[in-house]
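Asks: Before anything else, here's the structure in question.
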Amino acid sequence: MKERILEYMAVLSLRGDLKSPIICLYGPPGVGKTSLGKSIAEAMKRKYVRISLGGMHDESEIRGHRRTYVGAMPGRIIKAIQKAGSSNPVFILDEIDKVTQNTINGDPSSALLEVLDPEQNSAFHDNYLDVDYDLSKVLFIATANDLNTIPRPLLDRMEIIEVSGYITEEKIEIAKRHLIPKEKENTGLLKEKRLAFNKSAIEKIIEQYTRESGVRQLEKQINKALRKLAFAKAKDLVLPYEKITPNEIEGLLGKPPFYRDIYQGNDYAGVVTGLAWTSVGGEILFIETSLSKGKGSKLTLTGNLGDVMKESAVLALEYIKAHANTLSIDYRIFDNWNIHIHVPEGATPKDGPSAGITIATSIASALTQRKVRKNTAMTGEITLRGKVLPVGGIKEKILAAKRAGITDIIMCRDNKKDIDEIPEVYLQGVNFHYVENVQDVWDFALTQEKVKNPVTFDIEEEKKKG
């Protein structure tokens with residue numbers, strides 16, 4: 001985002017005059033989209049104006065009323081320019097995805113098409129002014145949480161820039177540099193120069209007291225901790241302590257509501273560690289496969305899975321059935337044993353194709369009773385012919401794996417380009433194994449060692465009984 005603004009300023013300085021771009025920042029709540037707009041205005045030494053479009057339902061709020069109406073006035077665009085007192089302010093259009101559509105008072109999102117089109121906005125027509133006004137020098141920055149609710153023609157006119165969520169390391173720096181000094185001032189503790197949170201205390205708040213992409217809840221939790229200390233100081237006229245460590249956090253904020261999964265070992269057949277991307281960062285998830293005697297050919301899937309993930313499980317099982325010989329599996333197992341796949345935390349919805357190779361390895365481990373390699377996690381989509389396809393969210397997944405104590409990560413060879421873009425500091429302590437098909441995954445992930453008390457598949461005995 002900063003790079004894009006610097007490019008714009010460079011072109012502006014070389015050319016002297018330029019139609020301003022229309023930029024749309026989108027990302028989860030609390031990542032600083034609106035604050036970024038404010039900072040851009042400060043850096044460019046331009047006036048800053050902001051209008052919130054959330055819930056706007058009347059076209060005349062954009063274009064103004066005709067003067068024949070009682071109480072007629074200009075639209076909010078012209079009003080904001082009047083308020084700025086400048087023809088080239090930085091103009092924030094907040095929550096552009098929450099403009100109400102299909103209302104009886106015209107469609108405000110359609111009225112925005114003229115405002116946000118660099119070809120048209122040099123002659124923006126406001127009904128109240130009744131003369132064309134040049135908006136081409138205004139730097140419009142729209143913000144949105146969800147692109148799906150923005151009409152396609154409007155989306156087409158804007159340059160989309162994703163403001164992704166912050167990783168733990170970034171949140172720690174934001175807390176140190178911005179949030180803690182700000183909240184110390186808000187709680188009247190600015191004079192307490194020695195009062196400080198140590199790094200592990202901030203990390204504990206991030207990991208165990210918040211679950212978000214942005215830093216809004218983190219700011220609230222820091223405020224809550226400092227309020228408690230302000231109360232203690234007001235009561236006893238002295239702070240109980242000046243160094244806030246993880247031990248003090250629980251006393252200030254109560255018991256942690258969230259926890260991160262940690263690696264659980266490889267003592268069970270059919271339990272494999274996968275990596276998942278969520279809107280609040282990376283997570284590790286466990287995929288469990290269990291076998292039970294029965295009529296066979298029955299696959300049960302539980303754990304609140306979406307359609308894509310269910311299809312990945314069906315794909316993985318069909319691939320294993322077709323290649324049972326490579327795993328030395330007796331194909332008659334499928335006629336006498338039912339397969340059940342479960343992904344824990346059953347109340348959390350899970351979807352996406354990136355657990356394909358994890359599910360395939362889980363089923364293979366359950367059917368062979370072989371142990372999965374220690375401290376290994378994997379992510380990748382699977383095809384019916386066993387090819388491994390690349391997936392997204394690699395940076396977040398790697399950091400989740402590191403937090404959980406994973407040392408080896410298996411992923412598609414095509415994901416190497418994502419690894420090359422990640423700073424070296426985030427990659428330390430993790431080895432990457434690039435694969436092209438499921439056989440490569442099994443060669444690395446499945447050891448020759450069997451688990452304790454393995455299930456025995458007495459196929460011949462079953463036949464005799466039959």
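The values are calculated or read from the model by the stated rules, or taken from the named source; none is laboratory data. Source: prediction; values computed, not measured. So basically every Cβ, Gly included, is an ideal-geometry build from the backbone, and we count neighbours across all protein chains shown. For accessibility, only protein heavy atoms count, side chains too; no ligands or nucleic acids. Shrake-Rupley method; radii C 1.70, N 1.55, O 1.52, S 1.80 Å.
Asks: Multiply the residue separation of THR407 and LYS220 by 0.36 nm, subtract the distance between their alpha-carbon atoms, and state the gained length in nm to one decimal.
Replies: Once the chain is fully extended between THR407 and LYS220, it gains 63.9 nm.
Asks: Further, regarding this structure: When the chain is fully extended, how far beyond the present Cα-Cα distance does LYS243 get from PHE231, taking 0.36 nm per residue of separation?
Replies: 2.7 nm
Asks: Decide, for segment 51-133, between rounded, prolate and oblate: order the square roots of the alpha carbon gyration tensor eigenvalues as a ≥ b ≥ c, take rounded if a/c falls under 1.5, and otherwise choose prolate if a/b is larger than b/c, else oblate.
Replies: Rounded, because the longest to shortest axis ratio a/c is under 1.5.
Asks: Got a sec? What order do LYS295, LYS137 fall in by accessible area at 1.4 Å, biggest, i.e. largest, first?
Replies: Numbers: LYS295 185, LYS137 90 Å².
Sorted descending by solvent-accessible area, the residues read LYS295, LYS137.
Asks: If you don't mind, there's one more thing I want to ask. How much length would be gained if the chain were fully extended between ALA324 and GLU449, taking 0.36 nm per residue of separation minus their Cα-Cα distance, in nm to one decimal?
Replies: Stretched fully, the ALA324-GLU449 segment lengthens by 43.1 nm.
Asks: For segment 321-354, list residues with backbone N below 13 Å from a point placed 7 Å from the Cα of LYS293 toward its Cβ?
Replies: From segment 321-354, the list is 336-338.
Asks: Past 25 Å, Cα to Cα: identify those pairs from LYS199/LYS220; LYS228/LYS395; LYS387/LYS416; LYS255/LYS371; LYS191/LYS224; LYS47/LYS224, in the order given.
Replies: Table pairs above 25 Å Cα-Cα are LYS228/LYS395; LYS255/LYS371; LYS47/LYS224.
Asks: Starting from the Cα of SER35, step 7 Å along the direction of its Cβ; do the same at MET73; then give the gap between the two resulting points in nm.
Replies: 3.1 nm
Asks: Run the paramagnetic zone check for LYS19: 7 angstrom along Cα to Cβ, then residues of segment 102-129 with backbone nitrogen under 13 Å.
Replies: 114-124
Asks: Only four residue types carry charge here, +1 at the Cβ of Lys and Arg and -1 at the Cβ of Asp and Glu. Report the dipole size of segment 156-209 about the Cα centre in Debye, rounded to the nearest 20.
Replies: For this selection, approximately 540 debye.
Asks: Please name whichever of VAL435, GLY393, ALA404 sits farthest to the positive end of the charge dipole of segment 389-444, dipole taken about the Cα centre and charges placed at Cβ: Lys and Arg +1, Asp and Glu -1.
Replies: It is ALA404, whose Cα lies furthest towards the positive end.
Asks: For VAL388, list long-range residues whose amide hydrogen, built 1.01 Å from N in the peptide plane, is under 5 Å from its own amide hydrogen.
Replies: Distant-sequence amide H within range of VAL388: ASN437, VAL438.
Asks: Considering only protein heavy atoms and a 1.4 Å probe, what is the carbon-and-sulfur percentage of the accessible area of segment 193-321?
Replies: Details: 3500 of 6750 Å².
For segment 193-321, the apolar C and S fraction of the accessible surface comes to 52 percent.
Asks: Here's another thing I want to ask about it. With every protein chain present, what is the per residue accessible area of the chain (1.4 Å probe, Å²)?
Replies: On the way: 23620 Å² over 466 residues.
Heavy-atom SASA per residue in the chain reads 51 Å².
Asks: Any idea what diffusion coefficient the chain gets from Stokes-Einstein, in µm²/s, Kirkwood Rh on alpha carbon pairs, 25 °C, 0.890 mPa s?
Replies: In µm²/s, the coefficient is 93.
Asks: Run the dipole for the chain about the Cα centre, Lys and Arg Cβ at +1, Asp and Glu Cβ at -1, nothing else charged, and hand back the magnitude in debye, nearest 20.
Replies: For this selection, approximately 1540 debye.
Asks: Still on this structure, I have one more. Checking the a/c ratio against 1.5 first, then a/b against b/c, what shape does the Cα gyration tensor give for segment 146-228?
Replies: Values: a/c = 2.99, a/b = 2.41, b/c = 1.24.
Prolate.
Asks: With a 1.4 Å probe and all protein chains kept in place, how much accessible area does PHE231 have, in Å² rounded to the nearest 10?
Replies: Roll a 1.4 Å probe over it and PHE231 shows about 130 Å².
Asks: Taking amide H positions as placed 1.01 Å from N in the peptide plane, with prolines and chain starts having none, which residues 5 or more places from LYS47, or on another chain, fall under 5 Å of its amide H?
Replies: Sorted by chain and number, the residues that satisfy this are VAL90.
Asks: Given R₀ = 30 Å, FRET efficiency for TYR259-LYS191 by Cβ-Cβ distance, to 0.05? Don't jump to the answer; show the numbers that get you there.
Replies: Details: r = 36 Å, r/R0 = 1.20.
It comes out at approximately 0.25.
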